[in-house]
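Below is one structure, written out as structure tokens; comments come after it.
Values quoted throughout were computed directly from the atomic coordinates according to the rules given, and no laboratory measurement underlies them. These numbers were taken from a predicted model, which means no experiment stands behind them. Here the Cβ is made from the backbone with ideal geometry for all residues, glycine too, and neighbour counts use every protein chain on show.
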Amino acid sequence: MNPQRPANTFRNAPPPTPRPKAGNASTQPTGRKPLPAQNSSARGRKWQQARRFIRERPLLERVYWVVIKAFLWLFFGSLGYVIVLKYIPVWVTPLVVSRWMDTFGTDESSHVYKKWRSYDNINKEAALAVVSSEDQDFPIHWGFDFDEIQDAIKENQTRKRPRGASTISQQVAKNVFLWTGRSYIRKGLEVYFTALIELIWGKKRILEVYLNVAEMGPMTFGVEAASQRYYGHSAATLSRDEAARIAAVLPNPRLLSIRSPSNYVQRRTRQISRQMRYLGGQKYIRNL
């Protein structure tokens, strides 16, 4: 027995509805947004036009490649310099050179007090003091304290003297790699180098460099030089009060004195000592 043949649906189906004319369809606004592929193709055409524009002008093309090569040299050069400074002492910084040049033509001594000491040879009371004074979130942030930045922006709207919100990492990036002064270019480079040292150096190395390059008195850089110059002994034997007084002058070490502390420095020293106790002592920075 033969199987039943399927019905011819085309024969019984209603007549097809006519398609709209192309002219009518093109005149109707659809309201659709361009697809991502259309956007990318448009950007590609613009990029091709820009490249053609540059190739047709030899001088502009030479300038273009000089800029590209300079950018690559600066990027890889700065990256290599940061990697090298992870392992060798930072003997000279732009801040040291600037302070030394400022003594030309003055009665000030041009002798620079500076002596590098490894982190293991510095009493951890000094490390705890600068963290308590300058950047208490140093062990946990990634180079920037955004809460402090927001608070500083709000306060500076009413303060006559602007308050900074730089972390220890930002201060290291500024002192080691950049020139003195204020500009948007310098601030952008500070962000760049801060991110690099956070990624490559790590917290312990950043704090070690800070303790060796921070300005702690007139022509005095680093906690070892400050300890020997003002206390007569090495930074390895600093007491808590001595470390707190060094940290107390960091906001303005050229005006505030470790050797002859003013009432402000003495009051700030006591505050820092209390903060060091509240943070739990040296165990607060043990696992950097």
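Descriptive notes on the structure:
- Hz values of 3J(HN,Hα) by residue in region 99-111 - Karplus curve (6.51, -1.76, 1.60), Gly and Pro given as x: 5, 5, 5, 5, 7, 5, x, 10, 8, 6, 6, 8, 6
- By the count of other C-beta atoms within 10 Å, a proxy for reagent exposure, Ser133, Ser166 are ordered fewest to most as Ser166, Ser133.
- Each eigenvalue of the Cα gyration tensor of region 94-235, multiplied by 5 and square-rooted, gives one semi-axis; in descending order these are 25, 20, 15 Å.
- Computed from phi, the 3J(HN,Hα) profile of region 69-77 under the Karplus parametrisation 6.51, -1.76, 1.60 (θ = phi - 60°) reads 5, 5, 4, 5, 4, 5, 5, 6, x Hz, with x in place of Gly and Pro.
- Members of Lys124/Lys187; Lys86/Lys114; Lys154/Lys204; Lys114/Lys283 lying beyond 24 Å, as alpha-carbon distances in this model show: Lys124/Lys187; Lys154/Lys204; Lys114/Lys283
- What the phi angles of region 192-201 give under the Karplus curve with 6.51, -1.76 and 1.60, with θ = phi - 60°, is a coupling list of 4, 6, 4, 4, 5, 6, 4, 6, 9, 7 Hz, glycine and proline written as x.
- Taking all pairs of distinct alpha-carbon atoms in region 53-158, Kirkwood radius in angstrom: 19.4
- Label-to-label distance, Phe75 versus Ala195, with points set 7 angstrom from Cα along the beta-carbon direction: 1.2 nm.
- Mean-position separation - Cα centroids, region 188-229 and region 94-124, in angstrom: 13
- Within the shell of other residues whose beta carbon sits under 9 angstrom from the beta carbon of Gln171, the net charge comes to -1, with Lys and Arg scored +1 and Asp and Glu -1.
- A cut-off of 5 Å between modelled amide H atoms, ignoring neighbours fewer than 5 places along the same chain, links Met216 with Phe221, Gly222.
- Coarse-grained scattering of region 169-284 at q = 0.10, 0.15, 0.19, 0.20 Å⁻¹, given as base-10 log I(q)/I(0) from a Debye sum over alpha-carbon atoms: -0.34, -0.76, -1.10, -1.16
- Contact order normalised by residue count of region 176-264, Cα under 8 Å, 6+ apart, percent: 19
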